[in-house]
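Rule-based calculations on the coordinates, nothing more; no lab input. Here the structure is a predicted model, which means the values were calculated and not measured. All Cβ positions, glycine included, derive from the backbone under ideal geometry; neighbour counts span all protein chains shown.
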């Protein structure tokens, strides 16, 4: 069995100063859309044993009965376990839970035993007061919050390996932040001018029943929702402000599109200098030079959600509008893969010193 050196705190599942490469994992909240994508990705990951699939709603029921596409691949039944129980036997625990359910559970003792990758919002915002403002809850675990890392792999790759608590970013935020960061890092745009027009497939609303995503309510229609009030707004502003080195405020407007999956963001910004699309292409290519899942499109091409579907890729393209002096940046991701489960696996790969692309190399599926 292959071994690799673990330079970070040793837990009970290590042998000497070495860590066994085949790590044990568990998923809490496995029967939501993001959770089942985690099951799919981890099931064929060559360095992972998927030990526990937890779902209180489906306890005792075979996972393949909840999702028949796993028939003959996953034969285990769902169990009901919390993170404390899972930490005793797992090297990494993934939590795919609604906001407010994670931060009360995480303790220093848990983080000494396992790596926690949280797909929810509880540890994404650095300021607990901002969390309270947008989520309506008092964050009572601020000491643990300070130990976490925002798990946007392309920006925090060097920090992630030293952390036991990784806050997996949201789907809209992943696409928006990665689309705009090179402009802000290079001081090319007016930081007060950012407008993000975003569109998501219906799976972004989750698996729970809701009238707004009922087929007759959303099919053959496009609607804006939570205008000037979407909870991903402070997450986007936090990370863009860090990139710019100054406060950034954005107009973020999400839309629901009658398709199953995908995110497309179109961002409008005022350029500070006369910059061509060819120059932007070189800037973006240089910025994301070492990022295997970022694909920068040449001038004349723009991303489409169908060309990233079922993959961990981020496609980014742009147009410079000389008439208005704006740069228009378009990004596309699969909301359940790079926007959720794929990014979580990418974070796991980085944290455990696997090749970053392991288990994530599939080419997008079309049509």
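Computed values, structure above
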quantity	calculated
Exposure proxy order (Cβ contacts within 10 Å, fewest to most) of 25, 174, 320	320, 25, 174
Size-normalised alpha-carbon gyration radius of segment 172-335, reference 2.2 N^0.38 Å	1.03
Gaussian network model of the chain, Cα within-10 Å springs - most flexible of 127, 335, 312	127
Within the chain, percent of DSSP bridges classed antiparallel, to nearest 5	50 percent
Choice from 75, 173, 142 showing the highest fluctuation, given a GNM over the chain with Cα pairs closer than 10 Å	75
Sorted by Cβ neighbour density within 10 Å, fewest at the top, the residues 261, 249	249, 261
C-alpha center-to-center spacing [segment 144-190, segment 191-258] in angstrom	18 Å
Segment 23-163: projected area of the alpha-carbon convex hull, averaged over directions, in nm²	8.8 nm²
Choice from 72, 274, 355 with maximal GNM fluctuation in the chain (Cα, 10 Å cutoff)	72
For the chain: Kirkwood Rh in Å [reciprocal of mean 1/r, alpha carbons]	21.1 Å
Relative contact order (%) - criterion: Cα under 8 Å, at least six apart; region: segment 40-189	16 percent
Helical contribution to [θ] at 222 nm, DSSP H n ≥ 4, -39,500 (n - 2.57), averaged over the chain, rounded to 500	-7000 deg cm²/dmol
